[in-house]
1. Look through region 38-55, keep the residues that are without any contact (Cβ under 8 Å) to a residue 60 or more places away in the chain and not charged (D, E, K, R), and return whichever of them is surrounded by the most Cβ atoms within 10 Å (Cβ to Cβ).
2. Only one of these is in contact with a Gly (Cβ under 9 Å, 6 or more places away or on another chain), in a helix (DSSP H, G or I) and surrounded by 15 or more Cβ atoms within 10 Å (Cβ to Cβ): GLU6, GLU102, GLU73, GLU107. Name it.
3. Could you list, in sequence order, all residues of region 97-124 that are small (Gly, Ala, Ser), free of Cβ contacts under 8 Å to residues at least 60 places away in the same chain and touching a Phe, Trp or Tyr at 6+ places or on another chain (Cβ under 9 Å)?
4. Which condition breaks for GLU85 when tested against (1) at pLDDT 95 or above; (2) not in a helix (DSSP H, G or I); (3) not aromatic (Phe, Trp, Tyr)?
5. Kindly evaluate THR123 against the criterion of being of a type in the set (Ser, Thr, Tyr), part of a helix (DSSP H, G or I), crowded, with 19+ Cβ neighbours inside 10 Å and at pLDDT 95 or above.
Amino acid sequence: MSNRLEAFLNKELANFNVLFVKLNQYHWYVKGEGFFTLHEKFQEYYEELVEYIDEIAERNLIIGNAPIGTVKEYLEYTTLKEEVEKDLTGRQMVERTLADFETISNELQEGIEIAGEANDSVTEDLLIGFKTYFEKNIWILRAYLKN
């Protein structure tokens, strides 16, 4: 299988894991206006990512590649910024989540093309499903920010 595909899947495995941690942090630290809505939404997002993380790692194994699996590797491979601030407003948390979702969605398009070039329709389909999820939630987050 393609080394480009392995590298891409590992990059997104890193991104999904970094995003998982960020969403947990937002869930724990959100306060003020919008607390009830955002507390639940961040939890929904990180719970959904757990399944996606597993699917990426397993797909990499199925096609004969080695998924990364350490925090050190996640931080080396990710294209997202680790969240270090804990005193963000709910709006800032949503804005940063939106930016991360947009980054991943854009990168998924590249991965769809890489999988297509490798004639790997199963991985292509998996990534299309992820892109659909992120596009829908980009729309939801943008609508939330219009308040």
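The values are calculated or read from the model by the stated rules, or taken from the named source; none is laboratory data. Values in this document were obtained by computation on a predicted structure and should not be read as measured data. Here Cβ is always computed from backbone atoms with ideal geometry, including for glycine, and neighbour counts include all displayed protein chains.
1. Within region 38-55, the subset without any contact (Cβ under 8 Å) to a residue 60 or more places away in the chain is 38-44, 46-47, 49-51, 53-54.
Next, from what is left, pick out any that are not charged (D, E, K, R): 38-39, 42-43, 46, 49-50, 53.
Details: LEU38: 21, HIS39: 17, PHE42: 23, GLN43: 15, TYR46: 18, LEU49: 19, VAL50: 12, ILE53: 18.
So, considering only residues that are without any contact (Cβ under 8 Å) to a residue 60 or more places away in the chain and not charged (D, E, K, R), the one surrounded by the most Cβ atoms within 10 Å (Cβ to Cβ) is PHE42.
2. On the way: GLU102 fails: in contact with a Gly (Cβ under 9 Å, 6 or more places away or on another chain); GLU73 fails: in contact with a Gly (Cβ under 9 Å, 6 or more places away or on another chain); GLU107 fails: in contact with a Gly (Cβ under 9 Å, 6 or more places away or on another chain).
Result: GLU6 is the single residue among GLU6, GLU102, GLU73, GLU107 that is in contact with a Gly (Cβ under 9 Å, 6 or more places away or on another chain), in a helix (DSSP H, G or I) and surrounded by 15 or more Cβ atoms within 10 Å (Cβ to Cβ).
3. Of region 97-124, the ones small (Gly, Ala, Ser) are 99, 105, 111, 115-116, 118, 121.
If we keep only those that are free of Cβ contacts under 8 Å to residues at least 60 places away in the same chain too, we end up with 99, 105, 116, 121.
Across region 97-124, the qualifying residue is only SER105.
4. Every listed condition holds for GLU85 apart from (1).
5. Details: of a type in the set (Ser, Thr, Tyr): yes; part of a helix (DSSP H, G or I): yes; crowded, with 19+ Cβ neighbours inside 10 Å: yes; at pLDDT 95 or above: yes.
Yes.
Okay, residues lined up against (1) touching a helix residue (DSSP H, G or I) at 6+ places or on another chain (Cβ under 8 Å); (2) assigned to a helix (DSSP H, G or I); (3) not aliphatic (A, V, I, L, M):
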{"site": "GLU48", "(1), (2), (3)": "yes, yes, yes"}
{"site": "ILE53", "(1), (2), (3)": "yes, yes, no"}
{"site": "ASN65", "(1), (2), (3)": "yes, no, yes"}
{"site": "ILE68", "(1), (2), (3)": "yes, no, no"}
